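A short write-up of the structure that comes next.
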Amino acid sequence: MAGRGHPVLWRLAQTIPVIAGVVVISFILTRALPGDPAVQFAGLAATPESIAQVREALGLDKPLIQQFLIYCGALLQGDLGRSVVTGQPVVTDLAMRLPASLELTLTALLLACLVAIPLGLLAAVHQGSWIDQLCRVVVTAGVSLPTFFTGILLIYVFYYLLGWAPSPLGRLDFIYFDPPRVTGFHLIDTLIDGDTETFFGALRQIALPAITLALFTLAPIARMTRAAMLGALSSDYIRTARAAGLSPSKVLFGYAFRNALLPVVTTLGMVFSFVLGANVLVEKVFAWPGIGSYAVEALVQSDYAAVQGFVLAMALLFVLLNLLIDLSYALIDPRIGFSAK
Amino acid sequence: MLSVKDLVVGFRTRRGAVEAVRGISFDLSPGETLGIVGESGSGKSVTSYALMRILDAGGSISAGEISWNGQDLRRAREGAMRAIRGREISMIFQNPRAALNPIRKIGKQIEDVLLQHGRAGRRDAKAKAIEALEAVKIRDAAARYHAYPFELSGGMCQRVVIAIALACNPKLLIADEPTTGLDITTQKAVMDLVRELISARGMSAIIITHDLGLAAQYSDRLAVMKDGEIVESGASATLFAAARHPYTRKLIDATPRPGVAIRELLPAEARSPEPPHSPGRRKLIEVVGLEKTFAGKSGPVQAVKGISFDIREGQSVGLVGESGCGKSTTSAMLVRLLDPSAGAIVFDGSDIAGIPADRFARDPRRGRIQMVFQDATDSLNPRHNAFDAIAEPLRRLGGMSGKRLGVRVDELAHLTGLPGHLLTRYPHQLSGGQKARVGIARAIALDPDFLILDEPTAALDVSIQAVVLNLLADLRARLNMTYLFVSHDLNVVRLLCDHVLVMRDGLIVEAGPSARVMQDPEHPYTRALLAAAPKPPVLDRLPGETVKAAE
């Protein structure tokens with residue numbers, strides 16, 4: 001496939017209007033929300049004068065259009081503004097917290113895939129057997145148990161009763177030092193640093209929240225894998241492959257599974273998006289310093305800059321994710337070319 | 001070489017065990033070709049899957065013996081069967097595009113088989129795969145090695161399937177409806193190739209098909225299957241000339257072939273005199289310079305390149321051509337579901353080409369132009385029962401309701417020969433022929449003047465096709481309808497139509513009275529189409545034929 005670079009650039013260019021739309025909408029929506037940041041920021045003992053002063057300092061007294069232009073100007077220079085709550089630039093806050101959320105989400109997804117895909121695969125191959133029933137039970141349990149409930153249950157059992165898990169307080173126990181920051185992912189940074197002890201500390205810390213999230217995400221992945229495999233296994237080309245005497249493993253993995261991957265990847269993309277949203281509850285339960293709890297905090301405090309920054313970061317993340325999914329489609333399925341929209 | 005004795009294949013279903021094959025026996029000697037003929041549900045495909053032991057889940061051989069060169073295939077271990085599949089017995093399938101892995105290069109799919117059976121190593125696999133492609137006469141095989149199935153035509157895909165099947169030089173090839181869904185000229189090319197390859201390699205073959213003519217032309221011996229049993233078997237030539245079993249007779253009669261009239265497709269006892277049918281003088285449809293251009297991925301594609309023809313009142317015109325010739329596009333434009341790019345469609349004196357397709361639904365002429373769709377199953381809403389399907393146009397366009405509606409639907413069901421008690425059934429509870437009747441009843445519900453029939457019998461068994469074609473002939477005379485019959489099969493079109501248009505690459509290459517076009521085709525393409533139709537042996541000695549000749 002020659003010249004793949006060009007269509008990818010074109011695909012990226014198509015995301016520009018999306019980003020612009022997100023900028024406008026997030027700006028308007030935050031302003032449309034009830035609550036006045038000047039009042040929040042000025043504190044409880046504020047007088048009307050001090051509130052007006054704060055409003056002026058924050059630039060909130062200017063007309064909306066002007067505020068928007070100032071915001072856009074800053075945005076172009078990579079400045080997302082300053083959070084009123086933390087007092088830090090929003091960019092710094094996001095850079096601190098986004099990796100934490102991503103690390104948790106990706107670990108959970110990886111864990112979910114490792115369990116769900118083989119489970120769905122086996123359930124499809126042995127349709128109606130005990131493993132199929134197990135798959136059904138896991139799927140039903142996964143979707144019906146809310147994450148905060150499984151989270152608390154896991155904490156109760158593994159931390160409180162058994163004492164296997166460390167206290168659910170953030171990414172690292174206080175006895176460890178944060179690893180030197182390279183990727184922002186503790187699990188990777190500690191390995192780069194060669195600090196296996198901290199690595200295991202981080203691993204122990206992330207285990208419970210990741211399992212909680214994984215239990216939740218497992219269901220759609222396992223279900224889709226099973227359905228896609230059933231579809232692939234009953235198709236004509238599988239019959240051809242069997243009639244040609246190909247070995248069962250070749251038929252299963254080389255022929256059926258690769259064809260079933262497409263809907264599974266689609267599901268993965270969708271799951272990833274809603275897990276980033278579902279994170280908030282898990283982050284709250286496990287005191288995980290992630291982006292979800294940051295956003296909720298900011299929203300409650302009418303922290304315009306932080307909310308806008310969060311929405312924008314999420315939008316960029318989704319655009320990137322969709323791009324990745326589209327690219328992996330093209331890798332899996334030769335029928336999908338970029339020129340073919 | 002192959003010996004099948006009292007084979008019984010059962011399936012476990014929700015409604016209990018069903019026997020798809022009920023004790024069949026046949027032998028096959030080296031170099032021999034056996035044709036197994038039967039209509040859908042006769043168990044012919046299941047027989048072949050049982051031989052290969054690739055039955056779907058729930059299916060199993062419940063009794064009988066299969067012996068392959070002394071080896072017991074019924075009891076052979078799965079590992080031993082895998083060594084036989086593809087290496088000693090291999091198989092090709094219908095719908096070749098679906099039979100290939102859509103996301104694997106065709107060359108790689110051939111390599112998979114070669115490697116599996118140790119016929120090639122990592123190093124020479126590619127060369128051998130290209131060789132296999134060359135053997136099935138794929139031009140530029142080295143480049144095609146990298147192609148994916150979706151980049152190839154249906155005929156090419158079937159060649160690739162054949163290449164996979166023959167890559168390891170098996171001794172027996174089972175062809176399960178190998179040309180269903182392929183164009184008639186492609187069918188001939190593929191079947192000729194199969195015959196050539198099996199005779200060159202001294203292989204045996206089993207050709208499974210619903211097409212008696214095809215089976216008779218390409219096999220030495222025929223076995224006719226019905227309801228899981230072989231009702232009659234014998235050498236192809238003698239079976240055709242002197243069929244003993246009534247079912248075989250019925251099948252032979254129902255096969256459209258040159259020289260027979262539409263009533264002769266039916267069993268002798270059902271042949272009522274054909275209703276008179278005489279086209280009027282007045283032009284009902286006048287198509288002038290009709291064009292359609294689609295915006296394709298790589299530039300515009302001109303599907304219909306300016307065609308003109310007339311259809312007179314009461315006339316039946318056939319539109320014949322192979323896939324991609326633009327016949328479906330033309331019919332979609334005529335029925336006003338698709339907007340033409342240029343040209344005029346004059347219906348009953350006024351041009352309707354200018355009315356956008358989405359507005360035509362509210363045009364008073366909507367009810368006068370109706371269509372019977374190709375796939376009787378897919379064109380019925382699965383959540384509507386037969387009554388609702390037929391009543392829909394009456395409600396929407398006819399404004400009927402209540403008792404009047406019920407009376408009209410009953411009348412239509414009676415007219416199309418659909419038993420009244422089936423009206424409450426849903427499409428999945430109806431047979432193919434019954435669904436075709438529902439589709440026709442729906443199309444004629446509003447007493448249309450002009451009916452477009454888009455391959456209305458393509459998905460039906462020949463005996464059902466014979467009945468449906470005759471029904472259409474009766475309805476035409478009774479309701480004084482004008483037909484445009486779209487089909488790929490000249491032999492079917494001829495039965496019903498006075499006039500034929502042969503279409504190719506968006507142009508009409510030949511037009512004329514059916515009899516003249518059939519007997520004395522002018523255009524080379526028409527001649528090729530006629531020549532490609534399977535010719536059963538000794539057809540002229542058929543009793544029906546001799547009677548006709550005597551007249």
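The values are calculated or read from the model by the stated rules, or taken from the named source; none is laboratory data. What you see is a predicted model, and the numbers here were worked out from it, not measured in a lab. So basically every Cβ, Gly included, is an ideal-geometry build from the backbone, and we count neighbours across all protein chains shown. The protein model used for the area step is the full one, side chains on, heavy atoms only, and it has no ligands, DNA or RNA in it. Shrake-Rupley method; radii C 1.70, N 1.55, O 1.52, S 1.80 Å.
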For residues that are crowded, with 19+ Cβ neighbours inside 10 Å, within 14 Å of A:M229 (Cβ to Cβ) and at the interface with chain B (Cβ under 7 Å from one of its Cβ atoms), tally how many sit in the stretch A:241-259. 2
Please state which one of B:V492, B:V509 is touching a residue at least 40 places away in the same chain (Cβ under 8 Å) and β-branched (V, I, T). B:V492
Of these, A:L262, A:L268, which one is closer than 23 Å to A:A123 by Cα, within 13 Å of another protein chain (Cβ to nearest Cβ), open to solvent by 10 Å² or more (accessible area, probe 1.4 Å) and not polar (S, T, N, Q)? A:L262
Could you tell me whether A:L111 is surrounded by fewer than 20 Cβ atoms within 10 Å (Cβ to Cβ) and either at pLDDT 90 or above or of a type in the set (V, I, T) (or both)? yes
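Every residue in the stretch B:167-191 that is within 19 Å of the chain's Cα centre (by Cα), of a type outside the set (S, T, N, Q) and away from chain A (no Cβ under 13 Å), please.
Across the stretch B:167-191, the qualifying residues are B:L182, B:D183, B:I184, B:K188, B:A189, B:V190, B:M191.
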Meets criteria (in the same structural domain as B:E111 (by TED's automatic domain parsing), farther than 20 Å from B:I464 by Cβ and without any contact (Cβ under 8 Å) to a residue 40 or more places away in the chain) for B:L172: no
Could you give me the residue pairs with C-beta distances under 6 Å whose first residue belongs to the stretch A:81-95 and is more than 10 Å from A:D303 (Cα to Cα) and at pLDDT 85 or above, whose second residue is part of a loop (DSSP other than H, G, I, E, B) and open to solvent by 50 Å² or more (accessible area, probe 1.4 Å) wherever it lies, and which are 6+ apart or on separate chains? A:D93/A:T86
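Can B:I262 be described as β-branched (V, I, T) and under 18 Å from B:L460 (Cβ atoms)?
Answer is yes for this residue.
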Got a number for residues in the stretch B:428-459 being at pLDDT below 90 and farther than 24 Å from B:I369 by Cβ? 6
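Table: residues versus (1) within 21 Å of B:T248 (Cβ to Cβ); (2) assigned by TED's automatic domain parsing to the domain that holds B:A413; (3) touching a residue at least 12 places away in the same chain (Cβ under 8 Å); (4) open to solvent by less than 40 Å² (accessible area, probe 1.4 Å).
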| site | (1), (2), (3), (4) |
| --- | --- |
| B:I444 | no, yes, yes, yes |
| B:D447 | no, yes, yes, no |
| B:F450 | no, yes, yes, yes |
| B:P456 | no, yes, yes, yes |
| B:L460 | yes, yes, yes, yes |
| B:A466 | yes, yes, yes, yes |
| B:N470 | yes, yes, yes, yes |
| B:L475 | no, yes, yes, yes |
| B:M481 | no, yes, yes, yes |
Residues of the stretch B:6-54 satisfying the condition of being among the basic types (K, R) and open to solvent by less than 20 Å² (accessible area, probe 1.4 Å): B:K44
Enumeration of residues in the stretch B:92-120 that are open to solvent by 10 Å² or more (accessible area, probe 1.4 Å), aliphatic (A, V, I, L, M) and under 26 Å from B:S48 (Cα atoms): B:A98, B:L115
Got at least one residue in the stretch A:180-189 being free of Cβ contacts under 8 Å to residues at least 40 places away in the same chain, closer than 30 Å to A:G231 by Cβ and not small (G, A, S)? no
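Could you list, in sequence order, all residues of the stretch A:230-240 that are closer than 18 Å to B:Q94 by Cα and open to solvent by 30 Å² or more (accessible area, probe 1.4 Å)? Can you show your working first?
Start the filter on the stretch A:230-240 by keeping residues that are closer than 18 Å to B:Q94 by Cα, which leaves A:232-240.
Selection gives A:L233, A:S234, A:D236, A:R239.
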Which members of the stretch B:151-166 meet the condition of being within 12 Å of chain A (Cβ to nearest Cβ) and modelled with pLDDT of 90 or more? B:C157, B:Q158, B:V160, B:V161, B:I162, B:A163, B:I164, B:A165, B:L166
Taking the criterion of being part of a strand (DSSP E or B) and buried (at least 16 other Cβ atoms within 10 Å of the Cβ), would at least one residue in the stretch B:375-388 satisfy it? no
When you go through B:R87, B:R139, B:R123 one by one, which is the residue that is at pLDDT 90 or above, surrounded by fewer than 21 Cβ atoms within 10 Å (Cβ to Cβ) and out of contact with any helix residue (DSSP H, G or I) (no Cβ under 7 Å at 6 or more places or on another chain)? B:R87
Subset of the stretch B:202-218 [open to solvent by 10 Å² or more (accessible area, probe 1.4 Å), within 19 Å of B:L172 (Cα to Cα) and in contact with a strand residue (DSSP E or B) (Cβ under 8 Å, 6 or more places away or on another chain)]: B:Y218
Could you say which residue among B:S308, B:S316, B:S323 is in contact with a Pro (Cβ under 9 Å, 6 or more places away or on another chain) and assigned by TED's automatic domain parsing to the domain that holds B:G512? B:S316
Scan the stretch A:206-241 for residues that are more than 23 Å from A:S144 (Cβ to Cβ) and touching a Leu at 6+ places or on another chain (Cβ under 6 Å) and jot them down. A:M229, A:Y237
Determine, yes or no, whether A:F148 is at pLDDT below 90, within 26 Å of A:S293 (Cα to Cα), in contact with a Ser or Thr (Cβ under 9 Å, 6 or more places away or on another chain) and not assigned by TED's automatic domain parsing to the domain that holds A:T217. no
